[in-house]
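To start, the structure itself, in structure tokens.
The values are calculated or read from the model by the stated rules, or taken from the named source; none is laboratory data. The structure presented is a predicted model; accordingly, all values stated were derived computationally and were not measured. For neighbour counting, all protein chains shown are included, and Cβ atoms are generated from backbone atoms with ideal geometry for every residue, glycine included. For accessibility, only protein heavy atoms count, side chains too; no ligands or nucleic acids. Shrake-Rupley method; radii C 1.70, N 1.55, O 1.52, S 1.80 Å.
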Amino acid sequence: QALLCGVIVMRPEDPLIFLEEKIKEIMEKGLDSGLWYMCIDPSLRTNLKRIAETYLSAIFGLDVEQLVTTELCTKAFDFYSRNLKKFYFRGWIKYHLQRKSNRKKTEQKMALAAVHYKFRKIRIIIEKWNSWAQIHKEKNTLATRRLQQIFNKVTLKAVLKAWHAEACSSLKTKAYFESLIKKGPEGSFVSSENLSYQSVKCKASHLPEEALLQIFRYVNLVDLARCAQVSQTWMLLTQNSSIWSDINFSSIKHKVQDKIVVNILQKWRPYVQRLNLRGCRSLHWPTFKSISECKNLQDLNLSECQGLNDDSMRLISEGCPSLLYLNLSYTDITNGTLRLLSRSFPNLQYLSLAHCRKFTDKGLQYLGCGRGCHKLIYLDLSGCVQVSVDGFRNIANGCSRIQNLLINDMPTLTDRCIQALAEKCEQIMSVVFLDSPHLSDTTFRALAECKLVKVSIEGNNRITDLSFKLMSKCCPYIRHIHMVDCQKITDAGLKMIAPLKYILILNLADCIRIGDGGIKPFVEGSSGATLRELNLNNCVRVTDASVTEIAQRCHNLTYLNLRYCEKVTDTGLEALGNMSSLISIDISGTNISDMGLGALGCSGKIKEISISECQNISDTGIQKFCQDSKHLESCHVSYCPQLTDETVKALAFHCHRLTSVSIAGCPKMTDLCMGYLAAACRYLHFLDISGCIRLTDKALKYLWKGCKQLHILKMLYCRNITKQAVLKYTARLEKREHNDGDPPPWLGYDRNGNTLTFPRSRSYKL
């Protein structure tokens, strides 16, 4: 600044030399003493008066005495007053605006408080109203139940009274017509052949003849004979030819003899179209001779008939040319019978040779020889381990129209066998390969040209997700997938078949690598809404997330198996309780409690349930479930040692349609629970009380009196039930199992019902 001022004011001739000199001078004197005018000649400097406090004198040219005047003080005071007023006015404005803002905020807060108070008041009112409504609803429900009980009692009395009156009338009618048979109007004998149906019409039956005939078609032969003795009307109805077009001897296989079969077939042979002799081991030549006289026979089941051989089949083949269905499983037929089939039954469509071990590959070649069984569409070769690749090739050459193929229990079955069969049998729609461990993905590659609708494989560790990929690509119309105990099937495989649209049945039991990652995408896929049956037995990775998704997506699901899915809890069951389509469910071995079981019964549509090995349920949960499940027909609560007679009481009092009950492994059950069952469950067919150590002979007496339709009774490890009582009260049963030994350790308790310390295995099935 000093150098610049010096150059400007002094205007030297040589500015550079001037600057050099001044710089040397500044360096000698130092920078501390430097002033802005130090480089200017003193003669050229301005003479300024030094002012300590103000520059007014320099600006206006006044002395110090002239600065403080009256005018200046007035102006200064006015200026100061105006500034002070402006300052306070601005402060007042700011304060007023702040108050206005605070007032507005307060009003807003008061408005919010008023709304909050209003909603809180409404909520309190609604809560009180809801409590009042719940109380009145419970009262109405209780009143409805009492009225229903009164109505049921009145109805029952009316029904019993009407039944008693009709029974008395029927007895009088029967006695009257018996007297007419013995003696005619003029004292002569009148035979039963001369009585028309209209003349003996029973007043006790108001059903039309067609309806009664339909009912009699479901009655076995023994009961049909008993029905014929009820009244003259029923006797004539049992002689209707339409009833004898379908004869089933398998229901009385332990009682049937050649004489009975021959008499029936001799009488009704022109009308017999379907004949079932399955398991009738005491039949011999006379029976097969009578069968050969049934010229219109179309369906013949000779499974497990030990007396059947090639000679017997020769008789049958000579007299039954119209045969369409033939079951020869578990018999001793040889290649000779197969040669007869090709000659005598050209229209045969269904053939079962399951577990017939005496024919060879050569016999299968006969099926395609001559007239042959070229129309065969169903073939069962289960257990025929003697059949080789050549045998399957012979089948393919002679029976290329096969659509349904069953090959179970055949450990010798390989991919080459299926390849040989699939080369010419391109119409195969259904394959069942249970317990065939040597098949692999190659089998499905060979069946790629077949439009499969049903696939069943069980116990195979070589099938992988590639098979599901082939199904998704080549089988767009598949409906039934049964992949049980296939350890290499994973969630990726389920994702591959998710786009398929027509799957109705999916069974993935014991596929332990299946979890939520596969189930959720599948049910979200095209088949989720149409799925009817889903089996996830022992799929231990499945959780409540999958169950909830199933409940939301599968609106047509009727059967669900979650047995041993230990990660399924009450949350999943609460979702299932909203499914109106579900009628059968298995939740054995899950971690459910009374809350989940009660929620499951809310739909009221469950007909079959299995809750075995559920340690967290109690009598209370069963009671709550039964109150809503009036249509229950089958209930298994086995291996739940905490349950008592109250469980059976709830089942008996609320579920009168029960046909199957299992309380095996429940040591707290007593004779009282059998009294409940016998009093209310008149339609009971199956009962398992194994391991119920407190039951005595009195329980069997109850069942003998009340459960007239009981067919199967299991009484293993019932040490207080004697053999004498078993023989006395269970003689009429089709099947019974009994021993009076102590309960084994795996049941989890000793002979006195005391709990054992070590865990029991869940793999045993009585």
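The condition of being modelled with pLDDT under 90, more than 19 Å from I587 (Cβ to Cβ) and either in contact with a strand residue (DSSP E or B) (Cβ under 7 Å, 6 or more places away or on another chain) or assigned by the TED database to the domain that holds S593 (or both) does not hold for A725.
I'd like to verify a number: residues in region 561-576 that are touching a Leu at 6+ places or on another chain (Cβ under 9 Å) and either surrounded by 22 or more Cβ atoms within 10 Å (Cβ to Cβ) or of a type in the set (K, R) (or both), how many?
Filtering region 561-576 for residues touching a Leu at 6+ places or on another chain (Cβ under 9 Å) gives 561-563, 565, 568, 570, 572-574, 576.
Then keep just the ones that are either surrounded by 22 or more Cβ atoms within 10 Å (Cβ to Cβ) or of a type in the set (K, R) (or both); that gives 561-563, 565, 568, 572-573, 576.
Count: 8.
Going by the structure shown, is K605 in a loop (DSSP other than H, G, I, E, B), open to solvent by 10 Å² or more (accessible area, probe 1.4 Å), in contact (Cβ under 8 Å) with a residue 60 or more places away in the chain and in contact with a Leu (Cβ under 7 Å, 6 or more places away or on another chain)? It is false that K605 is in a loop (DSSP other than H, G, I, E, B), open to solvent by 10 Å² or more (accessible area, probe 1.4 Å), in contact (Cβ under 8 Å) with a residue 60 or more places away in the chain and in contact with a Leu (Cβ under 7 Å, 6 or more places away or on another chain).
Residue pairs whose Cβ atoms lie under 7 Å apart, sitting 6 or more positions apart in sequence or on different chains, and linking a residue in region 69-94 that is exposed (fewer than 10 other Cβ atoms within 10 Å of the Cβ) and in a helix (DSSP H, G or I) to a partner that is of a type in the set (D, E, K, R) and modelled with pLDDT of 85 or more, do not occur here.
Being more than 30 Å from R343 (Cβ to Cβ) and either at pLDDT below 90 or crowded, with 19+ Cβ neighbours inside 10 Å (or both) is the requirement here; does K255 meet it? Full working, then the answer.
Numbers: more than 30 Å from R343 (Cβ to Cβ): yes; either at pLDDT below 90 or crowded, with 19+ Cβ neighbours inside 10 Å (or both): yes.
So K255 passes the test.
Being of a type in the set (G, A, S) and farther than 19 Å from Y564 by Cβ is a property that does not hold for S612. Considering only residues that are closer than 16 Å to L684 by Cα and hydroxyl-bearing (S, T, Y), which ones fall in region 635-665? T659, S660, S662 - these are the residues of region 635-665 that are closer than 16 Å to L684 by Cα and hydroxyl-bearing (S, T, Y). Would you be able to tell me the number of residues in region 733-766 that are open to solvent by 90 Å² or more (accessible area, probe 1.4 Å) and either modelled with pLDDT of 90 or more or charged (D, E, K, R) (or both)? The qualifying residues number 5. Looking at I51, I59, just one residue is at pLDDT below 80 and assigned to a helix (DSSP H, G or I), and that residue is I59.
Taking the criterion of being buried (at least 23 other Cβ atoms within 10 Å of the Cβ) and modelled with pLDDT under 90, the only residue of region 368-383 that qualifies is C373.
Would you mind stating whether D246 is among the charged types (D, E, K, R), open to solvent by 30 Å² or more (accessible area, probe 1.4 Å) and at pLDDT 90 or above? Walk me through it before giving the result.
Numbers: among the charged types (D, E, K, R): yes; open to solvent by 30 Å² or more (accessible area, probe 1.4 Å): yes; at pLDDT 90 or above: yes.
Judged against the criteria, D246 is a match.
Conditions (1) open to solvent by less than 40 Å² (accessible area, probe 1.4 Å); (2) hydrophobic (A, V, I, L, M, F, W, C); (3) part of a helix (DSSP H, G or I); (4) in the same structural domain as T464 (by the TED database), marked per residue:
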position	(1), (2), (3), (4)
K488	no, no, no, yes
M496	no, yes, yes, yes
I503	yes, yes, no, yes
R513	no, no, no, yes
N538	yes, no, no, yes
I550	yes, yes, yes, yes
L557	yes, yes, no, yes
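Look at region 691-709: where a residue is on the phi > 0 side of the Ramachandran plot and a partner is of a type in the set (G, A, S), sitting 6+ places away or on another chain with Cβ atoms under 9 Å, you get G691/S638; G691/A664; G691/G665.
Of all residues in region 698-713, none satisfies being open to solvent by less than 20 Å² (accessible area, probe 1.4 Å), touching a Gly at 6+ places or on another chain (Cβ under 7 Å) and assigned by the TED database to the domain that holds E633. Restricted to region 698-722, and to residues there that are among the basic types (K, R) and assigned to a helix (DSSP H, G or I), the residue that is nearest to A652 (Cα to Cα) is K705. Scanning region 565-601 for residues that are over 14 Å from V637 (Cα atoms), among the hydroxyl-bearing types (S, T, Y) and more than 12 Å from the chain's Cα centre (by Cα) yields T569, T571, S580.
Say we look at region 445-455 and pick out the residues that are open to solvent by 10 Å² or more (accessible area, probe 1.4 Å) and either of a type in the set (D, E) or in contact with a Ser or Thr (Cβ under 8 Å, 6 or more places away or on another chain) (or both); which of these is farthest from Q487 (Cα to Cα)? Spell out the reasoning first.
Going through region 445-455, the residues open to solvent by 10 Å² or more (accessible area, probe 1.4 Å) turn out to be 445-446, 448-449, 451, 453-454.
Still in the list and also either of a type in the set (D, E) or in contact with a Ser or Thr (Cβ under 8 Å, 6 or more places away or on another chain) (or both): 449, 453-454.
Details: E449: 26, V453: 23, K454: 20 Å.
Across region 445-455, the extreme among qualifying residues is E449.
Listed here are the residues, each with its yes/no results for (1) outside any loop (DSSP other than H, G, I, E, B); (2) outside the structural domain of S456 (by the TED database); (3) farther than 20 Å from C305 by Cβ.
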| residue | (1), (2), (3) |
| --- | --- |
| H355 | no, yes, no |
| F359 | no, yes, no |
| Q386 | no, yes, yes |
| R401 | no, yes, yes |
| F433 | yes, yes, yes |
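Against the criterion of being under 34 Å from the mean Cα position of the chain (by Cα), in a helix (DSSP H, G or I) and without any contact (Cβ under 8 Å) to a residue 40 or more places away in the chain, L452 does not qualify.
For R416, the conditions (1) in a strand (DSSP E or B); (2) more than 18 Å from L348 (Cβ to Cβ); (3) out of contact with any Ser or Thr (no Cβ under 7 Å at 6 or more places or on another chain) are fulfilled apart from (1). Within region 635-646, does at least one residue satisfy the condition of being surrounded by 24 or more Cβ atoms within 10 Å (Cβ to Cβ) and within 17 Å of the chain's Cα centre (by Cα)? Yes.
Filtered by the rule that a residue be surrounded by fewer than 18 Cβ atoms within 10 Å (Cβ to Cβ) and not in a loop (DSSP other than H, G, I, E, B), region 265-289 gives Q266, K267, W268, R274, W285, P286, K289. Taken over region 618-634, the criterion of being open to solvent by less than 20 Å² (accessible area, probe 1.4 Å) and over 18 Å from R682 (Cα atoms) is satisfied by G621, I622, F625.
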